[in-house]
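First the structure, in the form of structure tokens, and then the observations on it.
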There are 2 protein chains.
Amino acid sequence: MTLKPTDIVRTRELAFFRAASDETFDRVMSGAFLQRFPSGTTLLLEGDSVDFLYVLLDGSVELGAGWKSKDTTLAILRPVSTFILAAVVLESDALMSAVTLERSEILMVPGESIRRAMSDDPVFGFAISEELAGCYRGLVRSIKNHKLRDSTERLANYLMTQRARQGETDEITLPHEKRVLAALLGMSPENLSRAFAKLSAQGVAVDGALVRFSKVQALERLARPSPLIDNHFAQSRSQLGKANTERQQGVLNDPQNR
Amino acid sequence: MTLKPTDIVRTRELAFFRAASDETFDRVMSGAFLQRFPSGTTLLLEGDSVDFLYVLLDGSVELGAGWKSKDTTLAILRPVSTFILAAVVLESDALMSAVTLERSEILMVPGESIRRAMSDDPVFGFAISEELAGCYRGLVRSIKNHKLRDSTERLANYLMTQRARQGETDEITLPHEKRVLAALLGMSPENLSRAFAKLSAQGVAVDGALVRFSKVQALERLARPSPLIDNHFAQSRSQLGKANTERQQGVLNDPQNR
DNA sequence: ATCGATCCTTGACATTTATCAATCCGGTTT
DNA sequence: AAACCGGATTGATAAATGTCAAGGATCGAT
């Protein structure tokens, strides 16, 4: 599949590619190629040795892992974002599996190109460090979210985050099926239903994918969002001098979340 | 507190300092200084803006976080290791608190020195990326450990890891108080006691800090350690061509664990 | 030797979450 | 319209974990 100009533009939206010189960028992209996958495709299994950086340009991808017949979702990615960067930098095996949740368009960049560019272009190298640091901090937030909050509190904060992203309105649309959302929040679908039911006391009304808030303050009092866990404390778009590369891994990796 | 030659040597044990040229290393260290802290000292609170890379040279440090009157331990560090590297790279606030668990010796390196060296010395910059990638993968392992295993399984795997590190013997010494160990494994001290009791069926006998194994195979069958979660699958020391920079964050950050 | 502090253990109980089964609902096919 | 399907909900139950309280072991200081 050949690369269209529009794919190039979207790829360059990534903070660490924006930091690269044109020369570096062109050299990295010269070995890259685009692939389209149907929904439900396993892109990689944990333990696979892969030497490509994956760039999700369209669709969505679930990162997960399993052990002893149990499975868990670690993150859901939306465009434009990358995955298995850490494995590429260290030339090691993937620790997570990746499965498409819908038809997806994915750019595959040879790992060697990335590593060479890091060595050749210190600005690019620094930007990769920033990206990795952001991913790391996203994981720290995710762990705190899981270890410090019960399922209802996680849902409440998820709703507050969505609300912040969808414009502080009192009606939002859930971007995933509820069972996917449940996996993302680390609970069973049954418990997600019950968590929604509990939040009716805080004025949360669910109708399919639509969620309406009638008592935002009560919800916020329960959610108690924190800038040290949640990443929606909008540096307003304008004052965003330095790109925020942090990822809300394990809660939602959203391109707005830079 | 002035820097002794031995401190310099120990600091250089860090993979990313070993990668640096002498010139880079000297420049980074020129602004650094050593501090000694008694046990129980809070080095930083989550949310603090700090611009130092902390290098633990002696003692041990607990990284933790809290929310709504709850607290959790994220990792326990032993020499030689660093913390808040990600915050330094991104010039942002700490997401975790750090408290000394014993009298500790800590080298503090100005963040600006690190960032400048990353830009000036691409080899050093690359090594920092490797370090960050290793920390990231350590956190992924930690999340998998917590979401896929129950408390008894986590303890069983912790014991297997310690056994591997202490030389595949059938008697090991726990390196922490049991309540610290409980926090590290994400359970209450009470449940740690019960988990030990359950493992007596697998031939685990506890006597204070001493743990004896009489049925290693049974224990291993329950623990089912995996190279995709646990990091003790010894690349034997000799074939260790490339340093393994991965950190077992949240389980134990051990200097052997490179 | 005794006291006291700290840590560990144990039991009873509450809470949280998962699991299983049944049902419901919306949309599509026949 | 009837049948059907997948996802979502609800209820009942079980398992895992946390909390509270009491008691026991250990160690150091007096």
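The values are calculated or read from the model by the stated rules, or taken from the named source; none is laboratory data. None of these values were measured; they are calculated from a predicted model. Using ideal geometry, Cβ is built from the backbone for each residue, glycine included, and neighbour counts are taken over all protein chains shown. Note: areas computed on protein heavy atoms with side chains; ligands, DNA, RNA excluded. Shrake-Rupley method; radii C 1.70, N 1.55, O 1.52, S 1.80 Å.
Taken about its Cα centre, the protein assembly as shown carries a charge dipole of about 1500 debye when Lys and Arg each add +1 at the Cβ and Asp and Glu each add -1 at the Cβ. With coordinates expressed along the principal axes, the C-alpha atoms belonging to segment B:150-228 extend over 27, 25, 23 Å, beginning with the largest.
Taking the label point 7 Å along Cα→Cβ, residue B:12 and its counterparts in the other copies are spaced 4.4 nm apart, in ascending order. Counting only Cβ charges, +1 for Lys and Arg and -1 for Asp and Glu, the dipole size of chain B around its Cα centre is about 1020 debye. Once you reduce segment B:1-51 and segment B:125-158 to the center of their Cα atoms, the two points are 24 Å from each other.
Here is what passes the span test in chain A: the DSSP H helices with alpha carbon length of 30 Å or more along the helix axis and a Kyte-Doolittle mean of -0.5 or above are A:122-148. Between B:150, B:48, B:207, the residue with the greatest mean-square fluctuation in the GNM of chain B (Cα pairs under 10 Å linked by springs) is B:207. Spatial offset of segment B:163-239 relative to segment A:167-229 amounts to 39 Å, using the alpha carbon center of each.
Too long at a 32 Å Cα-Cα cut-off: which of A:215/B:144; A:4/A:178; A:70/B:178; B:144/B:198; B:144/B:215? Before the final figure, lay out each step's value.
Values: A:215/B:144 36 Å; A:4/A:178 34 Å; A:70/B:178 28 Å; B:144/B:198 22 Å; B:144/B:215 26 Å.
Violating the 32 Å limit, Cα to Cα: A:215/B:144; A:4/A:178.
Using the empirical formula 2.2 N^0.38 Å as the baseline, the Cα radius of gyration of segment A:34-96 reaches a ratio of 1.11. Over segment A:150-228, accessible surface divided per residue gives 47 Å², non-protein components excluded, 1.4 Å probe.
Using a 7 Å projection from Cα along Cα-to-Cβ, the label point at residue A:200 is separated from the same position in the remaining copies by 4.8 nm, smallest value first.
Any idea which of B:2, B:164, A:217 is furthest toward the positive side of the dipole for the protein assembly as shown, if Lys and Arg beta-carbons carry +1 and Asp and Glu beta-carbons -1? Highest projection toward the positive end goes to A:217.
Any idea what the dipole of segment A:140-230 comes to, in debye rounded to 20, about its Cα centre with Lys/Arg Cβ at +1 and Asp/Glu Cβ at -1? Kindly include the intermediate steps, with their values, before the conclusion.
Numbers: 15 positive and 10 negative charges, 66 e Å.
Dipole size: approximately 320 debye.
Is it possible to state the helix-based mean residue ellipticity at 222 nm for chain B, with each DSSP H run of 4+ residues giving -39500 (n - 2.57), the sum divided by total residues, to the nearest 500 deg cm²/dmol? What is it?
Values: 10 runs with 104 residues, N = 258.
Counting only the DSSP helices, I get -12000 deg cm²/dmol.
First check a/c for the protein assembly as shown, with a ≥ b ≥ c the square roots of the eigenvalues of its C-alpha gyration tensor; if it is under 1.5, answer rounded, and if not, answer prolate when a/b is larger than b/c or oblate otherwise. If you can, show how the numbers build up before the last one.
On the way: a/c = 1.42, a/b = 1.10, b/c = 1.29.
Verdict is rounded for the protein assembly as shown.
Of the GluC sites (Glu not before Pro) found in segment B:124-233, those that fall in a DSSP loop while having at most 15 other beta-carbon atoms within 10 Å are B:168, B:177. Start at zero, step by 5 Å, and the Cα-Cα distances of chain B spread as 1, 6, 12, 17, 18, 16, 12, 9, 5, 3, 1, 0 percent across the bins. Toward the positive end of the charge dipole of segment A:5-144, with +1 on the Cβ of Lys and Arg and -1 on the Cβ of Asp and Glu, the farthest Cα among A:101, A:117, A:128 is that of A:101.
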